[in-house]
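Below: one structure, written as structure tokens.
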């Protein structure tokens, strides 16, 4: 935010800029342990940031800039939509103040990446990560995902990151309703109780919604592989507190 003696007074700030003052970032840990390689240290924060960006977009639909971006990324009724654009697009629209910023990086097995970010959104990623650790829920999600894949193929629908030229308005009502049910099932398995209304607010077609949540799940699944292998601990570090303090002071 501007310094108190700057020329940027509240009277000339946009509504979105004023709302930034109400949200405070804080420290958040991505704990690391066991054998990791250079690509892992790149992959883990990259995927976490993508999931964080997704939750940020849905949590800030009240802001004009965010809502317009979501509409642009998901609201088109003709083809060319690529689910991966959700993550890159939302990352770019997040204000610098709210982007996950690396505060410290420490690794000697155990270690951590300390981030500065919005805690509520990080908690959203943490909650769904904990949920999919459960083998029953994970197996159910895998079956749903594969079933959706088969359905897309049977209906000649492009459902994945490569995008396609489908005219959404040409999808018949029966298929649209089937897709809508599949979205609800996926949301329930992920423990999302409010996101359906938020997606509907955007005006996205059920196919676009399903593609988006499946793209999210693929990234979540990658994080899960690190979690179940005891290589990633979202929300906490295994480094003793006194050692973190000492390293910070040095």
Residue by residue through the stretch 188-216, note down the ones that are in contact with a helix residue (DSSP H, G or I) (Cβ under 6 Å, 6 or more places away or on another chain), part of a helix (DSSP H, G or I) and within 20 Å of residue 139 (Cβ to Cβ).
189, 190, 210, 213, 216
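Condition check ((1) modelled with pLDDT under 95; (2) under 26 Å from residue 105 (Cα atoms)) across all residues:
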| position | (1), (2) |
| --- | --- |
| 134 | no, no |
| 166 | yes, no |
| 173 | yes, no |
| 198 | yes, no |
| 228 | no, yes |
| 235 | no, yes |
| 248 | yes, yes |
Right, residue 87: modelled with pLDDT under 90, part of a loop (DSSP other than H, G, I, E, B) and closer than 18 Å to residue 213 by Cβ or not?
no
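Taking the criterion of being modelled with pLDDT of 95 or more, out of contact with any strand residue (DSSP E or B) (no Cβ under 6 Å at 6 or more places or on another chain) and either surrounded by fewer than 18 Cβ atoms within 10 Å (Cβ to Cβ) or at positive phi (or both), would at least one residue in the stretch 116-123 satisfy it?
yes
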Going through the stretch 51-69 in order, the residues found to be over 13 Å from the mean Cα position of the chain (by Cα) and either closer than 13 Å to residue 85 by Cα or in a helix (DSSP H, G or I) (or both) are 64, 65, 66, 67, 68, 69
Given (1) exposed (fewer than 14 other Cβ atoms within 10 Å of the Cβ); (2) at pLDDT 90 or above; (3) assigned to a helix (DSSP H, G or I), where does residue 102 come up short, assuming only one miss?
(3)
Name the single residue that is farthest from residue 46 (Cα to Cα) among those in the stretch 237-246 being loosely packed, with under 12 Cβ neighbours inside 10 Å and modelled with pLDDT of 70 or more.
242
Positions within the stretch 22-44 being surrounded by fewer than 17 Cβ atoms within 10 Å (Cβ to Cβ) and out of contact with any helix residue (DSSP H, G or I) (no Cβ under 9 Å at 6 or more places or on another chain), in sequence order
22, 34, 35, 37, 38, 39, 41, 42
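The values are calculated or read from the model by the stated rules, or taken from the named source; none is laboratory data. Keep in mind that what you see is a predicted model, and the values were worked out from it rather than measured. So basically every Cβ, Gly included, is an ideal-geometry build from the backbone, and we count neighbours across all protein chains shown.
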